[in-house]
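The values are calculated or read from the model by the stated rules, or taken from the named source; none is laboratory data. Not measured: the values here are computed from a predicted model. No Cβ is skipped: glycine too gets one built from the backbone with ideal geometry, and neighbour counts run over all protein chains shown.
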Amino acid sequence: MMDAGRHPNITLLTYSEVEAVSGYVGNFTVRIRKRARSVDEEKCTGCGLCQEKCPTKVIDTAYEAGMGKRKAIYRPFSQAIPNIPVIDRENCLFFTKGRCKLCEKVCPAGAIDYNQQDQTLEVQVGAIVVATGYGMWDPRQLPQYSYGLSPNIITGLQFERLVSAGGPTGGHIVTAEGKEPERVAIIHCVGSRDVNAHPYCSRFCCMYSLKHAHQVREHTGAQVYEFYMDMRAFGKAYEEFYERVQEDGVIFVRGRGAEVEVLPDGKLRVKGEDADLGRLVSVDVDMVILASAIEPQPDADRVAAIFGLGRTPDGWFAEAHPKLRPAETATAGIFLAGCAQGPRDIPDTVSHADAAAMQVVRLFNQGEVTISPTVAVVDEAKCVGCGECILACPYSAIARNLRGKAEVNPALCQGCGTCVATCPSHAIAGLHFTDEQIVAQIEGLLEGVLV
Amino acid sequence: MEKPRIGVYICECGVNISATVDVNAVAEMASRLPGVVVARVYKYMCSEPGQLMIQEDIRNLGLNRVVVASCTPRMHEPTFQRAVEAAGLNPYYFQMANIREHVSWITDDREAATEKAKRLVRAAVFRVPYQAPLEPRREPVTKAALVVGGGIAGIQAALSIADAGYPVYLVEREPSIGGRMAQLDKTFPTLDCST
């Protein structure tokens, strides 16, 4: 993280989003919206005084996954890069009620700027890597897990914050009542491998659930009941890790954890089938950790539209070939890295990201792109300049030239032939797919069939 | 139009095509079509000897058009285009007829398959005289990359591209890079710290 922040070749654009992409492989123009931080990045020293003094506390649903609070002016976490806070304008007293300005008063650098506006910038690039990650599936969609009905039913991500030394409890595994749990249940495949939620396997939950079991045992000594369907310890040194956690004394129950019930005294009753014993089991615990599914980001539709990405039926961005071209997309020059393409753990993500980087570097080292000559061409003598082709072209490759005639930009044209079929004046030909070539082909096909 | 001198090559694809299509009958039909100088059958046209066969015919028989009837052009059209180009022919003087995915793999009816294969080959042979030489365009590449997303995937990709000496714009929606991984405590299976 720090390396990326300091690298002389990397320009960090945080709190920013890509709004539009145009162009083609080797020559993309990208419009980026840099949202107003309300803090001058040049002046801010990252001292953190503003955050300390800010009177407004907000439940942090992003970094702390709802487990902790942050201020209205904040850095998401202490090692944030860049080390510059932002004002959350929806919760800041000044932006909502027009008063306070405490951060401005305490800032020794005079860096607070309530009038800062969003900026739009445009950059030219030759290649794009889409590494937009995943979203968290909401366990409320399967009410049998009672998620949301007790603060002691948490997701795996929330447990990460609970056990993190930098988290809201300083790394102490405690229930909402502030006590160490005596019994903890971990339920695998919540929302994954389930036709009522996501049919796919989210791939890394088995392993983090084993890690959570280990951490609960190590930190609290609590009894851990782990409900699993299959243990997918597929990676290098993973099976050994599974063995190690078994030696920690975790009780493994083979079978899907079917239901969590919140009892009147606040205890949690987990019911499931123990497939090895062939009977229903239940256990009362103080804390339940749901290994909940991951899913495509909620705005994956918009991202797919901006970058021209396809989707596989499960919603993840589509690679060009599932085995041979895992980091490429159907659009030349646009690559995928990490979970945006599908669930994968950290080692696989790093490999995938390097595969995408390799594709980018390969393109740059070649230095030029070869563009297929099978494009559309306009016969200006026949073109009446009606503009039908301009409207029809899916790649925005046609424009009127100075003579008022349609002209195809061969770098943008994909040779699809839509304009050829659309042109009312028959003024456009598709090279390598001319009328006479196609007619001759049809004659060959039908010889002896039609007279 | 120059006088076409067409070579036609029917691929057996092991037995993928020849088990269903009477490849010799197809070649025999092709050899009698106007402009066809040679029509051959071979086990694997895409193999090195298969490609060499085409290249030698181009040189020795003065072929100026080539038709290969084999698999889908999505598979080997670039292979054969490169092969004819290496023998001095413009790659757009080449045409492919798909007699595997469109014929042998979709029926057990040998008679119908052979008839359809003949028609596809005839269509290609009729087409090639009208084909014109084309030259691909080359465009320079802007040697800078955009990486969208500052999680572990985006950071790793950005670092590798940057280390290779190219500028990278790393765009992240949140106020900090780090993504999901920055939220994690220790990571399996080594239990090392994630940030």
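A few remarks follow.
- Filter result for B:Glu115 (free of Cβ contacts under 8 Å to residues at least 12 places away in the same chain and under 20 Å from the mean Cα position of the chain (by Cα)): no
- Test result for A:Ser78, within 26 Å of A:Pro151 (Cβ to Cβ) and in contact (Cβ under 8 Å) with a residue 60 or more places away in the chain: yes
- Considering residues of the stretch A:417-451 that are of a type in the set (A, V, I, L, M, F, W, C) and in a loop (DSSP other than H, G, I, E, B) only, the residue farthest from the other protein chains (Cβ to nearest Cβ): A:Cys423
- With respect to the conditions (1) surrounded by fewer than 22 Cβ atoms within 10 Å (Cβ to Cβ); (2) more than 19 Å from A:Arg362 (Cα to Cα), B:Ala164 falls short on a single one, namely (2).
- Residue match in the stretch A:287-299 (condition: surrounded by fewer than 19 Cβ atoms within 10 Å (Cβ to Cβ) and acidic (Asp, Glu)): yes
- Residue count, the stretch A:169-204 (criterion: of a type outside the set (Gly, Ala, Ser) and either in a strand (DSSP E or B) or closer than 14 Å to A:Val245 by Cβ (or both)): 7
- B:Ile177 vs. criteria assigned to a helix (DSSP H, G or I), of a type in the set (Val, Ile, Thr), at the interface with chain A (Cβ under 7 Å from one of its Cβ atoms) and crowded, with 20+ Cβ neighbours inside 10 Å: no
- Qualifying residue in the stretch A:335-343 (condition: on the phi > 0 side of the Ramachandran plot and in the same structural domain as A:Asn152 (by TED's automatic domain parsing)): no
- Residue check for A:Ala291: more than 9 Å from chain B (Cβ to nearest Cβ), within 30 Å of A:Phe234 (Cβ to Cβ), over 17 Å from the mean Cα position of the chain (by Cα) and in contact (Cβ under 8 Å) with a residue 12 or more places away in the chain: yes
- Selection from the stretch A:164-187 of residues that are within 11 Å of chain B (Cβ to nearest Cβ), surrounded by fewer than 21 Cβ atoms within 10 Å (Cβ to Cβ) and in contact with a helix residue (DSSP H, G or I) (Cβ under 7 Å, 6 or more places away or on another chain): A:Gly171, A:Ile173
- For A:Gln119, the conditions (1) more than 26 Å from A:Val216 (Cβ to Cβ); (2) in contact with a Phe, Trp or Tyr (Cβ under 6 Å, 6 or more places away or on another chain); (3) of a type outside the set (Asp, Glu); (4) within 14 Å of another protein chain (Cβ to nearest Cβ) all hold with the exception of (2).
- Restricting attention to the stretch B:85-141 and to residues that are basic (Lys, Arg) and part of a helix (DSSP H, G or I), the residue that is surrounded by the fewest Cβ atoms within 10 Å (Cβ to Cβ) turns out to be B:Arg110.
- Which listed residue is in a helix (DSSP H, G or I) and within 30 Å of B:Ala145 (Cβ to Cβ), from A:Val369, A:Val361: A:Val361
- Among the residues of the stretch B:27-46, those identified as assigned to a loop (DSSP other than H, G, I, E, B) and either more than 18 Å from A:Gly448 (Cα to Cα) or of a type in the set (Ser, Thr, Tyr) (or both) are B:Gly35, B:Lys43, B:Tyr44, B:Met45, B:Cys46.
- Residue match in the stretch A:274-283 (condition: more than 14 Å from chain B (Cβ to nearest Cβ) and in contact (Cβ under 8 Å) with a residue 60 or more places away in the chain): yes
Residue-by-condition table, conditions (1) farther than 17 Å from A:Lys34 by Cβ; (2) within 14 Å of chain B (Cβ to nearest Cβ); (3) crowded, with 21+ Cβ neighbours inside 10 Å:
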{"position": "A:Ala72", "(1), (2), (3)": "yes, yes, yes"}
{"position": "A:Arg89", "(1), (2), (3)": "no, yes, no"}
{"position": "A:Leu93", "(1), (2), (3)": "yes, no, no"}
{"position": "A:Lys97", "(1), (2), (3)": "yes, no, no"}
{"position": "A:Cys100", "(1), (2), (3)": "yes, no, no"}
{"position": "A:Lys105", "(1), (2), (3)": "yes, no, no"}
{"position": "A:Gly110", "(1), (2), (3)": "yes, no, no"}
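- Filtered residues of the stretch A:417-451 (kept if closer than 21 Å to A:Ala381 by Cβ and of a type in the set (Asp, Glu)): A:Asp435, A:Glu436
- Lone qualifier among A:Val30, A:Val21 - being in contact with a strand residue (DSSP E or B) (Cβ under 7 Å, 6 or more places away or on another chain), facing chain B (nearest Cβ under 8 Å) and either modelled with pLDDT under 95 or part of a strand (DSSP E or B) (or both): A:Val30
- When the stretch A:128-144 is filtered for residues that are crowded, with 23+ Cβ neighbours inside 10 Å and either away from every other protein chain (no Cβ under 14 Å) or more than 30 Å from A:Tyr24 (Cβ to Cβ) (or both), only A:Pro139 remains.
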